[in-house]
Each structure stands twice: as C-alpha cells, then as structure tokens.
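The values are calculated or read from the model by the stated rules, or taken from the named source; none is laboratory data. The structure presented is a predicted model; accordingly, all values stated were derived computationally and were not measured. Here the Cβ positions follow ideal geometry from the backbone for every residue, glycine too, while neighbour counts run over all protein chains shown. The area values use the complete protein model at the heavy-atom level, side chains included, leaving out ligands, DNA and RNA. Shrake-Rupley method; radii C 1.70, N 1.55, O 1.52, S 1.80 Å.
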Amino acid sequence: GVFSCRVRRLCRRTWAATGMLSMGGHQHVVPTLESDVEQTYTFLPSSQLTVRNAEGSIRIYGSAHPGMQLIATRKAYSSERLNGIEVKVSADGDSMTIDTIFPPKKEGFGFGDRSGTVDYIIVVPDSTRIRNLEVTNGEISVDGLRGGSARARLVTGRMFSRNCFGDLDFAVTNGGLAYLVDW
C-alpha cells in the first residue's frame, strides 16, 4: 500500500545518500590517537581502591600477587585533546584513588573536538576492597575477587562481574548488568 511505497522511497533515498557518502568517505576519516600509561604500585591486599572515569572503561582483575598494576589507554581525535586528558593517581595510607580528568568541552553549537576516552586495566590483590568504581558512559568489569568487595556505579553502558566471591554492590542506570560464575 501507500505506507509500503513511502518506506521503499525512504530506503532508496537513504541507500543513495549512503552510497554518495561512502564513495569519497575514506579521504575524511580522522584517525584515533592513543597513549598508554603503565605503572606498578605497592598495594596491600587490605587496601581500598576508588576509580572515577566519565568516558571509557574500567576492568579490574583480582590476582594472588600483592601490588597493583595499572594500564590506562587514553584515546582522542586530536593531540591537543589527548594531551589534555589526565590520569591522576593519589595514595593516602591504605587507600588509592584514580581520577580521570578531561579538558572542559567548548560551549556553543560547533562540531569542535569533544572526543576522549580512557580505558583502564587494573590488576589488584583478589581480596581488595573496591570502595567505588564510577563510569558515566562505558563499561565496568570486575573479575576474580576472592573475599574482597566492590561497589560500582554506571550511568550508561554495560557492567560485568565474573568469578567474584565477595560483597558486590553494583548499579546500572541505563544498560546491562551480568553476573557470571564459572564452575
């Protein structure tokens, strides 16, 4: 009928526009710039950890070894934006805090560079108490806690817990949450 005809016309227009964009599209692809930060810290099994990240991911892995290994991958579309993203690590007694600091986004209606994410991979003792993991947009994954605890908050994205045996307090506002246990 009439509805079917309109849908077909809309689809033809969309395919035509997509074809026109893809003919020369490779000339305008902006590559993503990346920079890795790798550090090892003294971190006792009884220590507490807090990680805050607005855009990107936090992946925590429990280990039988003491100490903490941190790998942070910063990504952006311009070197100015990439260099403006800061990974700030601070320790106070038996607690460690990792904050992700993004440069302010420019006001206005332009298509200025608003890119930037940080993806964390953190290996900690499996009995660590994770005081708080916070991500606004992205993903949180906690794997291999044994007797530790974790509190995690995610606004939009996916959250995973795998092979964790401890006190978990997870919340996702928009997205998915999965608890997985391998036997």
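The accessible-area ordering, largest first, of the residues Thr173, Thr42 stands as Thr42, Thr173, per a 1.4 angstrom probe.
The modelled label-to-label distance for the pair Leu168/Tyr41, using points 7 Å beyond Cα in the direction of Cβ, is 2.3 nm. Taking all protein chains into account, the per residue accessible area for the stretch 33-136 stands at 54 Å² (1.4 Å probe). Please list, by residue number, everything in the stretch 153-168 whose backbone N is under 18 Å from a paramagnetic label point 7 Å out along Cα→Cβ of Tyr179. Once the point is set 7 Å along Cα→Cβ of Tyr179, 153-154, 158-168 turn out to lie under 18 Å by backbone N, inside the stretch 153-168. Note on the stretch 34-183: the C-alpha convex hull projects to 9.3 nm² when averaged across all orientations.
Shape analysis of the stretch 43-99 based on the Cα gyration tensor places the equivalent ellipsoid semi-axes at 26, 13, 9 Å, largest first.
Our estimate of slack between Ser149 and Ser78, defined as 0.36 nm per intervening residue step minus the Cα-Cα distance, is 21.8 nm.
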